[in-house]
1. Tally up the residues in region 46-87 that are under 26 Å from Ala110 (Cα atoms), open to solvent by less than 20 Å² (accessible area, probe 1.4 Å), outside any helix (DSSP H, G or I) and not β-branched (Val, Ile, Thr), please.
2. Looking only at region 1-45, which residues are modelled with pLDDT of 90 or more, of a type outside the set (Asp, Glu) and part of a helix (DSSP H, G or I)?
3. Among the residues of region 32-45, what is the count of those that are under 20 Å from Leu105 (Cβ atoms) and either open to solvent by 30 Å² or more (accessible area, probe 1.4 Å) or over 17 Å from the mean Cα position of the chain (by Cα) (or both)?
4. Looking only at region 133-172, count every residue that is without any contact (Cβ under 8 Å) to a residue 60 or more places away in the chain, open to solvent by 30 Å² or more (accessible area, probe 1.4 Å) and within 30 Å of Arg219 (Cα to Cα) and tell me the total.
5. Looking at this structure, is Ile217 of a type in the set (A, V, I, L, M), at pLDDT 90 or above and touching a His at 6+ places or on another chain (Cβ under 7 Å)?
6. Search region 82-94 for residues that are farther than 20 Å from Leu47 by Cβ and pair each with any residue that is open to solvent by 90 Å² or more (accessible area, probe 1.4 Å) when their beta-carbon atoms are under 9 Å apart and the residues are at least 6 apart or on different chains.
7. So how many residues does region 67-88 have that are charged (D, E, K, R) and closer than 10 Å to Glu57 by Cβ?
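The values are calculated or read from the model by the stated rules, or taken from the named source; none is laboratory data. All figures in this text were calculated on a predicted structure; none of them were measured in a lab. Positions of Cβ are backbone-derived with ideal geometry, glycine not excepted, and every protein chain shown enters the neighbour counts. SASA here: full protein model, heavy atoms, side chains in, ligands and nucleic acids out. Shrake-Rupley method; radii C 1.70, N 1.55, O 1.52, S 1.80 Å.
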Amino acid sequence: MTTQDYSFKSIQYFNQTRLDILPLMPLGKCERVLEIGCGNGATLAYLKENGIAKVVEGIELVPSVILDASENIDKIHVGEVERLLGSLMEASYDVVLCLDVLEHLIDPWAVISQIERVLKPGGVIIASIPNVRTFRVIWNLGVRGQFDYADQGIMDRTHLRFFTRKTALELLSTEVLHVEKSRPTPLARWSKSSIANYFTLGLFRDFFSVQFLVRAIKRDS
């Protein structure tokens, strides 16, 4: 992906504060947190301002949001994650955040391997990964014969890889990483998905889930 591939995105795409990851953050203050695809640094700024992280750094590809990011966080690495991760010090981060970013990469498995290198032993990666196994996608593909891309969401035209819960967990389950926790992101209250999930007793929860949050820990060597 190049910076031009994201030129159609609205500013809101880059400035979301991801409070839904807070239950997955390690207890106590983290010395150093790195976010891949940090946008304008809103999530990292929140972690630092609220005493959850001491030093926050980000990797960002899109130039139009980098100035805002540099004002919100301690250090910004500009460019492609595949190239930049190799220049970062080994075992230097307590937490690496990959929030809706792995699906945008040509080879997310190789990037996970690089993240393993920069994580401290006992450090964690927290990822949010869109779920392609939703009723809407299945209906459009299986019944309507359509696999149409959109400007955002699960079928975002900048997505290069697609995951289900099973394959998302497999991505973060390696010889070095162990998945500790995973859960779907919450359903909006009184939404059609929330109501349908209630009346089906949660048996089809994966089909209503837009994305999954996954936390994996780096094993002590």
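1. Within region 46-87, residues that are under 26 Å from Ala110 (Cα atoms), open to solvent by less than 20 Å² (accessible area, probe 1.4 Å), outside any helix (DSSP H, G or I) and not β-branched (Val, Ile, Thr) number 4.
2. Across region 1-45, the qualifying residues are Leu19, Ile21, Leu22, Pro23, Leu24, Ala42, Thr43, Leu44, Ala45.
3. Final tally of qualifying residues: 1.
4. Final tally of qualifying residues: 8.
5. yes
6. Note: pairs meeting the criteria are Glu82/Ile106.
7. Qualifying residue count for the region: 2.
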